[in-house]
1. If you count only protein heavy atoms and use a 1.4 Å probe, how large is the accessible surface of Y56, to the nearest 10 Å²?
2. Between D121 and D190, what is the label-point separation in nm under the 7 Å Cα-to-beta-carbon projection?
3. Run the numbers for H173 and Q46: contour at 0.36 nm per residue of separation, minus the present Cα-Cα distance, in nm.
4. Let me spell out the model: positive unit charges on the Cβ of Lys and Arg, negative unit charges on the Cβ of Asp and Glu, origin at the Cα centre of the chain. What dipole size does that give, in debye rounded to 20?
5. Would you please give the FRET efficiency between E135 and N62, computed as 1/(1 + (r/R0)^6) with r the Cβ-Cβ distance and R0 = 22 Å, to the nearest 0.05?
6. Rounded to whole Å and ordered largest first, report the semi-axes of the equivalent ellipsoid of region 128-201 derived from its Cα gyration tensor (root of 5λ).
7. How large is the convex hull of the Cα atoms of the chain per residue, expressed in Å³ as a whole number?
8. When only alpha-carbon atoms count, how far does region 26-143 stretch along each of its three principal axes, as whole angstroms with the largest first?
Amino acid sequence: MATNITWHAGLTHDERSKFRGQGGLTIWLTGLSASGKSTIATALEQHLLHNGLAAYRLDGDNIRFGLNKDLGFSEKDRNENIRRIAEVSKLFADSTTISITSFISPYRADRDQARALHDKDDIPFIEVYVDVPVEVAEQRDPKGLYKKARAGLIPEFTGISAPYEEPLKPEIHLHSDTTSVEEAVQIIVDYLAAKGYIKAL
């Protein structure tokens, strides 16, 4: 851990919210590969921006091209991947942006740690479980990852050779095999409005 460092306080989250006219929060989408997380996250970001709200999407694959390009897919690296994303999403949320993360984040403890990080500073954290049967995810398989995993070409693949620990009490539970992208976005937006995080859209 770094030494000889000092925390420099600045504006509070409430002060930034007042100046910007918007509160920040993190919407954490979790689910199997090919569950529809990224598609829903992209549509949600577009909808929020279209309605004049500051929002930014952090996507699992995209982050591995930059911030987390040094990480693999071992359990240890997955833990660190989510730890970093939790910190980054919290920074976005603290800036009063609606941070939308789209990560498999298979381990419950990692997601709980991400939530605790936000809770510590009273920043809302909304866990969205994008639920789909693994059989449906395999049928979709847009990247061909399940096929490679079944062939033994991808070790430690979530849902096949590595575990996925389902959320116990997500704020929102979406069944993406029976819910359209548009419906999923509206469910999330309605939840945010009901909680007073945004105005009804």
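The values are calculated or read from the model by the stated rules, or taken from the named source; none is laboratory data. Predicted, not measured: the structure shown is a model, and the values here were computed from it. Reconstructed Cβ throughout: ideal geometry from the backbone, glycine too, with neighbour counts over all protein chains shown. Please note that ligands, DNA and RNA were not included when accessible areas were found on the heavy atoms of the full protein model with its side chains. Shrake-Rupley method; radii C 1.70, N 1.55, O 1.52, S 1.80 Å.
1. 110
2. Spacing of the two 7 Å Cα→Cβ label points: 3.2 nm.
3. Values: separation 127, 0.36 × 127 = 45.72 nm, distance 2.08 nm.
That pair, H173 and Q46, stretches by 43.6 nm at full extension.
4. Values: 24 positive and 29 negative charges, 82 e Å.
Once rounded to the nearest 20, the dipole reads 400 debye.
5. Details: r = 27 Å, r/R0 = 1.23.
Calculated value: 0.20.
6. Semi-axes (√(5λ), whole Å): 31, 14, 9.
7. Numbers: hull volume 25.7 nm³, N = 201.
In the chain, the Cα hull volume divided by residue count equals 128 Å³.
8. The Cα atoms of region 26-143 stretch 38, 34, 24 Å along the principal axes, largest first.
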